Amino acid sequence: MSSSVSSEIISSVWKGTIKLKIVLERELTEVSNGEGSDGVTTQESRLEKESDIPVFYTTSHRNTYFHFLLPQILFFFSDHIKDREALSRNDWWVEFEKVPLKWNWPLGLLHDIYRSYNPSNPNANSDPWELVLRFGKDKYPISDIIPIAEEPNNNEDFSLIPLVDDPSSITFLETYWVNQMKESCFVLNGSSKSIMNLSKESSANLWRSVAFKDADTFEGIFRSILPKHVGLINHVPVRFYLPISNLVLQPVISPINPDSKSKTTIGEVLQVSIEDLFPASLMYTVALPVCHGVLVPMNTPIIDLFFLMKYMDGFLHINIIMAEKMVMT
């Protein structure tokens, strides 16, 4: 594959979007005489009752975290939130059909998992993904979502709202992301040294490329932590998300098949790792692998897929859905 084609695919991955519709949990609301503060999105024109409040519509990148969006969402709803102190806390989360969504999973991955997104169905999920925004320290679903620590030193001046213009200042996301990148680096190299040895400037620029969706900067710095060629790669950082069971598998995957001496394909990996759902390595019969909303061909080398479609945390996240019909590849 030429470098220009690879660059085009990587760019498309980073530019991939999903439509969102965010509603505020009713018990958090306070009706305002104003129309709300929104300079980013549109407000739903259905104020039939005095208690009705605006609905936040937006188009978000897939390759991002929900909490990068949260400041502008809270800014939009700020005139309608009765507990003003809530705007300075991290106890916010979103739910889909009463299921809390993990803030530490990429937004596009969450969408594909919880909507069972099947890209082979042209009519699938054409409507915006509707999520409910909730808040409450005492109600925070810690059994489903990692609790978010207070900002460093319990900074009394901290508020989520001012972060609209600088998402890189969301430190709890940065801390989590750094740990994921270290793990990815360890899987790739057998050590985390190459990312830990980045200069302070490169480390800061890598994080800011995630916060500001800068694919070119991210790819340029990420390449510097990779082994010099495929044969030196230890293993491929991949996670598979299984349907219904909520299991996440992270198998040990060599980029080169030791038997054939050729690149390991995703079909070979799935047949070994999830044999019940993938009884054959050349044909989908029971289930389908989806990455960034794209159905992945079985003969795709897993290392090539990683280079092209990894998420911003250094992992290749692949959602497994049940097939509606047989798909030949």
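One equal scatterer on each Cα of segment 252-329, no solvent, Debye formula: the resulting log10 I(q)/I(0) at q = 0.14 Å⁻¹ is -0.42. Taken over the alpha carbons of segment 177-329 as equal point scatterers, the Debye sum produces base-10 log I(q)/I(0) values at 0.11, 0.12, 0.17, 0.21 Å⁻¹ of -0.45, -0.53, -0.98, -1.32. Our coupling estimate for segment 231-248, obtained by passing each phi through the Karplus curve with A = 6.51, B = -1.76, C = 1.60 and θ = phi - 60°, is x, 9, 6, 6, 8, 9, x, 10, 10, 10, 10, 8, x, 6, 6, 6, 7, 10 Hz, Gly and Pro reported as x. Accessible area ranking (1.4 Å probe, heavy atoms, ligands and nucleic acids excluded), largest first, for R115, R62: R115, R62.
Where Lys and Arg each count +1 and Asp and Glu each count -1, what net charge lies around E183 among other residues with Cβ under 14 Å from its Cβ? Net charge around E183: +3. Judged by the gyration tensor of its Cα atoms, with axes a ≥ b ≥ c, segment 204-287 is oblate; a/c meets the 1.5 cut and b/c is at least as large as a/b.
Averaged per residue, the chain has 49 square angstrom of accessible surface, using a 1.4 angstrom probe with ligands and nucleic acids left out.
Within the accessible surface of segment 254-329, defined with a 1.4 Å probe on protein heavy atoms only, the carbon and sulfur portion equals 59 percent.
Each of I302, L242, L173 was scored by the projection of its Cα onto the charge dipole of the chain, and the greatest displacement toward the positive side belongs to I302; charges sit on the C-beta of Lys, Arg, Asp and Glu.
Here the dipole of the chain is about 1200 debye; that uses its Cα centre as origin and unit charges on the Cβ of Lys and Arg (positive) and Asp and Glu (negative). When the helices of the chain are scored as -39500 (n - 2.57) per DSSP H run of n ≥ 4 and the total is divided over every residue, the value at 222 nm lands at -8000 deg cm²/dmol.
Using a Gaussian network model of the chain in which every pair of alpha carbons under 10 angstrom is joined by a spring, one finds that among G220, G16, G314 the greatest mean-square fluctuation is at G220.
Each Cα pair of segment 56-127 feeds into the Kirkwood radius, which the Stokes-Einstein equation turns, at 25 °C and 0.890 mPa s, into a diffusion coefficient of 176 µm²/s.
Taking the average, over residues, of other Cβ atoms within 10 Å as the packing measure, peptides 80-88, 178-186 rank 178-186, 80-88 from highest down. Residue ranking by accessible heavy-atom surface, 1.4 Å probe, largest first, among M309, M283, M322, M196 comes out as M196, M322, M283, M309. Taking other residues whose beta carbon is less than 11 angstrom from the beta carbon of S7, and scoring Lys, Arg as +1 and Asp, Glu as -1, yields -3. Working note: Cα gyration tensor of the chain, eigenvalues times five, square-rooted, sorted largest first, giving semi-axes of 37, 24, 17 Å.
The values are calculated or read from the model by the stated rules, or taken from the named source; none is laboratory data. Owing to the predicted nature of the structure, the values given are computational and were not obtained by experimental measurement. We place every Cβ from the backbone using ideal geometry, glycine too, and count neighbours over all the protein chains shown. In case anyone asks, the SASA skips ligands and DNA or RNA and just uses the protein heavy atoms, side chains included. Shrake-Rupley method; radii C 1.70, N 1.55, O 1.52, S 1.80 Å.
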